[in-house]
């Protein structure tokens, strides 16, 4: 029953609210929130989605919702769930809804060696908007032949570098070095077609390229390790696998959901004897044919996303050379994924577990002793990139100095919506918003007028509050705050 979860809600320490196991839940659910945050975001749908994820077969630990939680497809955005890959005959479940339609949507942050006084902000913003392809179409994308696309699907960011759309030094500062394992790459003709001309494009919706200024340093040791200093200009890129990834997800969602039949108010897959509360949670055992095909295709789409962000970074370098006469020594600080499922080893209830960790609108926050991190971050922790909204600020956080947090090494990925896109369009005047932003010194270039209203600051939670809750919950610690001054959107 909607709202019933409130009867099972209790504080679980600073920044954490626990929904105790009840009904069909196999574990407890933990929401990164406090009582005030829960009251201010009263939509019952997100907590109920977290509860539903706690019933996934093979789940281990708790079901999590990061501080930027809001309603999504099946899983809430901000949802983190791990399943035991060794559970049952075919392993625990993997759910495409727990990854999302924009596979490996993610964020990368770059540093520049120029100051605000060195540039004409309005003019630079306008020229970048003319040279960085954005919008719902694939217009302006890199044209790939079939062989080049196959290599990108197989080799990720490294393939982009080989094609001249990236620099080899960048690879060390990309999650998983910009490469996810895939062997078969059985993508449909439609998915391949959508990927052959979209590389190096931002897309639309909440995707963006922002120029920002570091306005506050909180953790000086970590900031120095990351190459950040107060007053510095940074560039943040937020995008994913474009139409290729959306097509991959759509096809596998349809294939897996077709295995389920409604029975007594629940959804049941007779072939695997899996029962779920919401069809959008449709999951396959990870070692089933359907599970393996999804993992392989997901990773191929993830590689495309890594290559796409690499190509956009190279476009930015090239554009800066053309506009300013130099690329401003643009360096990649880090690139994180926030829509992906990964096989990882975690300690759960004192025992080691090989887990399939779904992160949907959530990012990893690895400790400074993790083998996947470069030596640059040793004893510091992984950079965690948290975009806010185009009118306030974004944050750089750090994972633990050593070890792992108990949310499967996860953190928030953004501010999180508080208004639906429809509600934002109906209540926010995009023309007035653009004027107000420019009055604050924030120049926004957007191709689709509706996007401005949908992505307005008032449509999002307070990013500073989200960061505060994340810190209190001991998931990640704040390093630096970044304020935007030039925004390019689709």
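The values are calculated or read from the model by the stated rules, or taken from the named source; none is laboratory data. All values derive from a computational prediction rather than experimental measurement. Cβ coordinates were reconstructed from backbone atoms using ideal geometry, including for glycine residues, and neighbour counts include every protein chain displayed.
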**Request:** Would you please list the contacts, defined by Cβ atoms under 6 Å and residues six or more apart or on different chains, that run from a residue in the range 406-433 that is without any contact (Cβ under 8 Å) to a residue 12 or more places away in the chain to a residue that is not in a helix (DSSP H, G or I)?
**Result:** none
**Message:** Against the definition (under 25 Å from residue 382 (Cα atoms) and surrounded by fewer than 17 Cβ atoms within 10 Å (Cβ to Cβ)), how does residue 13 come out, yes or no?
**Reply:** yes
**Request:** State yes or no: is residue 216 over 19 Å from the mean Cα position of the chain (by Cα), in a strand (DSSP E or B) and either without any contact (Cβ under 8 Å) to a residue 60 or more places away in the chain or closer than 30 Å to residue 127 by Cβ (or both)?
**Result:** yes
**Request:** Would you check if residue 450 is buried (at least 18 other Cβ atoms within 10 Å of the Cβ) and more than 18 Å from the chain's Cα centre (by Cα)?
**Result:** no
**Options 318, 345, 329: the member that is surrounded by fewer than 21 Cβ atoms within 10 Å (Cβ to Cβ), out of contact with any helix residue (DSSP H, G or I) (no Cβ under 6 Å at 6 or more places or on another chain), on the phi < 0 side of the Ramachandran plot and modelled with pLDDT under 95** = 318
**Request:** Kindly list the number of the only condition in (1) assigned to a helix (DSSP H, G or I); (2) under 18 Å from residue 340 (Cβ atoms); (3) in contact with a strand residue (DSSP E or B) (Cβ under 9 Å, 6 or more places away or on another chain) that fails for residue 300.
**Result:** (3)
**Message:** Being farther than 30 Å from residue 140 by Cα and either surrounded by fewer than 24 Cβ atoms within 10 Å (Cβ to Cβ) or modelled with pLDDT under 95 (or both) is the filter here; which residues of the range 470-490 pass it?
**Reply:** 471, 472, 474, 477, 478, 481
**Message:** Tell me whether the range 205-213 contains one or more residues that are surrounded by fewer than 21 Cβ atoms within 10 Å (Cβ to Cβ), closer than 26 Å to residue 488 by Cα and under 20 Å from the mean Cα position of the chain (by Cα).
**Reply:** yes
**Asked** Residues in the range 168-195 that are more than 13 Å from residue 297 (Cβ to Cβ) and buried (at least 18 other Cβ atoms within 10 Å of the Cβ): how many?
**Response** 9
**Asked** Is it true that residue 116 is more than 23 Å from the chain's Cα centre (by Cα) and without any contact (Cβ under 8 Å) to a residue 24 or more places away in the chain?
**Response** no
**Request:** Can you tell me which residue among 335, 369 is surrounded by fewer than 24 Cβ atoms within 10 Å (Cβ to Cβ) and either over 18 Å from residue 183 (Cβ atoms) or modelled with pLDDT under 95 (or both)?
**Result:** 369
**Unique residue being under 19 Å from residue 180 (Cβ atoms) and either modelled with pLDDT of 95 or more or assigned to a strand (DSSP E or B) (or both) when the list is 256, 340** = 340
